[in-house]
Amino acid sequence: MNSFILSGTLDNFQINESKAGKAWGELILRRVLSKGDDQFIPLKVFGERAEKFNDVPLGSKVVMSGRITGREWNGKHYADFIIDEIDFIPAKATPKPSNTIDNRTDDSDEDLPF
């Protein structure tokens, strides 16, 4: 079986409905390569997995796995990346400022015991 595991940032997502009334979606995953260049990968997702993306904001970090399939249309051959599993990476929590920092600006030495 041809499979893949990818991680990156959700760059674009469009949900559609098939003639049978089932949800499917097309998304673009943005990956940053080692040289700092961006790589954009189109993927497809079907059913309940597609509906999960409705509540995911663009720019979210994701890890996904799936299978690579091929198809022929009008004499041309295409590869499709079909998502089977999706993990959403939670955003890093922003540390709250501590109230223990003493911001006094008085430089006098009057209260020093020596």
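Where a number appears in this text, it was derived from the coordinates with a stated rule and is not lab data. Worth saying up front: this structure is predicted, and the values here are computed from it rather than measured. Cβ placement follows ideal geometry from the backbone for every residue including glycine, while neighbour counts extend to all protein chains displayed.
Observations
- Distance (nanometres) between label positions extended 7 Å along Cα→Cβ at N54 and Y78: 2.5
- Computed extension length for K61-S18: 12.8 nm, one decimal, from 0.36 nm per residue of separation with the Cα-Cα distance subtracted.
- Charge-dipole axis of region 3-89 as Lys and Arg at +1 and Asp and Glu at -1 on Cβ define it, positive-most pick from G70, F40, A50: G70
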